[in-house]
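I have placed the structure first, in the form of structure tokens, so that the comments after it can refer back to it.
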Amino acid sequence: MLPARPSKVITRHRDGRIHAYTVDSGAFGTLEPAAVFQSQAGDEVVESAVRPDLERVVYTTLNSVVCLTRAGDPVWASAFEPHSDVRHGHRPGCALSLDGRTVWVYRPDAMAGRGGADQWVVYDADSGAVLARWESGTVGHGAEHHVHPVDGSVYLDIGEGQDGSVILRGMLGAAGEPEFVTYSWSDRVLIDLAPDGQQFMTVDHGQGDVAFHRHPSGDVLLTLPVEAFGYDPEETFVEWGGGYLSPDTAVVTLGGESQDEEWFRYHLVDVRTGMLSGEITVEVAGPYELKLLGEGSWLTNGPDGRPVRSSPAALPSRSPRREG
């Protein structure tokens, strides 16, 4: 049985506004925003996170992190110093902790030209006070935060372009003391955390295999190369997408080219046994549009940019088919 968790809130950015959607109800189909936040004048929002009670939003721009109320009133802001005039190649990211008390911000300072290494900074969500700051030693373009659903630790996957991907894990102890860990790989991309918190999924940066690791040690529980899915590794690769459909079932995305056309397919894997269990068919424009929610459903993008929630019960499944 999964532990009780706050409502999952996802955001979309349109026309200077941050649209927040809750996805833990029984609603399927096109979702309506539960709240809409207006960013401050002149701010170009890079990434955002909204509290489960929908009363506050935190977002990053290229040069700051900002916290606003639902009414648009400023709560706090923190500028990334020194100011960067670099417009491309760096995307600061943010996430709220599981309990909503802290904000985790990734600063790609090296690519922004700030003269130092990248930073991972933890703020008090109410006051904006800096609780912890860590130089990651990376030169990343952007990063993805993944909040652990049980112990509240935060994973960060930093993409360094052709140089690979670095996976970090951070947490604050009961007394507020920070702990940061860098995993030993520089060639694996973190895809998702299992909804029961027991493991996580990575894909080889060279896209040759998918692996499942024990949390928090990172010990490998299962590795599946392209060949395990019945494809030719010279013609097929594992996409940096997919994730957990449920605690026991992962979606692994395989892609390639056939007759000068790009293709991709979503394969189901039983992570307890390593057995393949068919495919799901999802109507999406690209392999990375599918966003799995971990409880049997997923999101895709509607024509107007709003998320659409679906599940396997509403869609046909098929047996694995190979490109020949």
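Every number here is computed from the coordinates shown, using simple stated rules; none is lab data. No experiment lies behind these values; they were computed from the predicted model shown. Please note: Cβ atoms are built from the backbone with ideal geometry, for glycine as well, and neighbour counts cover all protein chains shown.
Condition check for GLY218 on (1) surrounded by fewer than 20 Cβ atoms within 10 Å (Cβ to Cβ); (2) over 27 Å from PRO233 (Cα atoms): one failure, at (2). If the condition is being within 12 Å of GLY137 (Cα to Cα) and surrounded by fewer than 24 Cβ atoms within 10 Å (Cβ to Cβ), then region 97-110 contributes only ALA110. In region 95-113, the residue that is farthest from GLY161 (Cα to Cα) out of those that are among the hydrophobic types (A, V, I, L, M, F, W, C) and not in a strand (DSSP E or B) is LEU98. Determine whether THR223 is surrounded by fewer than 19 Cβ atoms within 10 Å (Cβ to Cβ), β-branched (Val, Ile, Thr) and either touching a residue at least 60 places away in the same chain (Cβ under 8 Å) or assigned to a strand (DSSP E or B) (or both). When the stated conditions are applied, THR223 passes them. Being polar (S, T, N, Q) and under 17 Å from the mean Cα position of the chain (by Cα) is the requirement here; does THR223 meet it? Spelling it out, it is not the case that THR223 is polar (S, T, N, Q) and under 17 Å from the mean Cα position of the chain (by Cα). Within region 194-219, residues that are under 13 Å from ILE167 (Cβ atoms) and touching a residue at least 40 places away in the same chain (Cβ under 8 Å) have Cβ atoms under 9 Å from residues that are outside any strand (DSSP E or B) and of a type in the set (A, V, I, L, M) in these pairs: PHE200/ALA194; MET201/ALA194; MET201/VAL271; HIS215/VAL150; HIS215/ALA194, counting only partners at least 6 apart in sequence or on another chain. Of all residue pairs spaced 6 or more apart or on separate chains, those with beta-carbon atoms under 6 Å, a first member in region 295-312 that is on the phi > 0 side of the Ramachandran plot and a second member that is of a type in the set (Ser, Thr, Tyr) are GLY296/SER246; GLY296/SER311.
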